[in-house]
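In what follows, a structure is listed as structure tokens, so that the remarks can point back to it.
The values are calculated or read from the model by the stated rules, or taken from the named source; none is laboratory data. Being a predicted model, the structure only gives us computed values, none of them experimental. All Cβ positions, even for glycine, are placed from backbone atoms using ideal geometry, and neighbour counts span all protein chains on display. Each accessible area value is taken on the protein alone, full model and side chains, heavy atoms only, with ligands, DNA and RNA left out. Shrake-Rupley method; radii C 1.70, N 1.55, O 1.52, S 1.80 Å.
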Amino acid sequence: MFKTRIWAAVLCACATTASFAAKQTFEEVQAAALRGDYQAQRNLAFGYSSWSYDGQEKNPILACAWRIVILLSERADETDQMNYEVYCGQLSKQHYYLATVKADKLISSIDNKQ
């Protein structure tokens, strides 16, 4: 039952993200994410793991890195935690380490004035 609810929440978040993401380009979403836009960060992470924007390649390490960044934001919720567990949990220890290094770099480059 619990796993069913988790997957339902993840799928719901994915559907919402996919419909929003279709309206923006990869470059626009990436720029907004680097400005600290929470929803853009979620969309960018989703693109790296699932349905990429045109010009964006799937990259599980960057998907996890962005999910780490998202969890550190004040707006993170339980679906962000679940996405972190699902997508970062699929990485090897080495790849997870790389994701944490990339997350640190992203955090230092994000303009959190929004």
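Structure summary
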| read-out | value |
| --- | --- |
| Within straight-line cross-link reach of residue 23, aspartates and glutamates at Cα separation under 19 Å, skipping those fewer than 8 residues along the same chain | 37, 54, 57 |
| Listed peptides 50-56, 39-45, 68-74 by packing density, highest first (mean Cβ within 10 Å) | 39-45, 68-74, 50-56 |
| Solvent-accessible area per residue, Å², over segment 43-114 with all protein chains present [probe radius 1.4 Å] | 62 Å² |
| Normalised per residue, the volume of the convex hull around the Cα set of segment 64-114 (Å³) | 56 Å³ |
| Dipole moment magnitude, nearest 20 debye, segment 53-109 about Cα centre, only Lys, Arg, Asp, Glu C-beta charged | 280 debye |
| Residues listed by number, segment 55-69, amide nitrogen under 15 Å from residue 94 label point at 7 Å toward C-beta | 61 |
| Rounded percent of accessible protein surface that carbon and sulfur make up, segment 27-92, 1.4 Å probe | 47 percent |
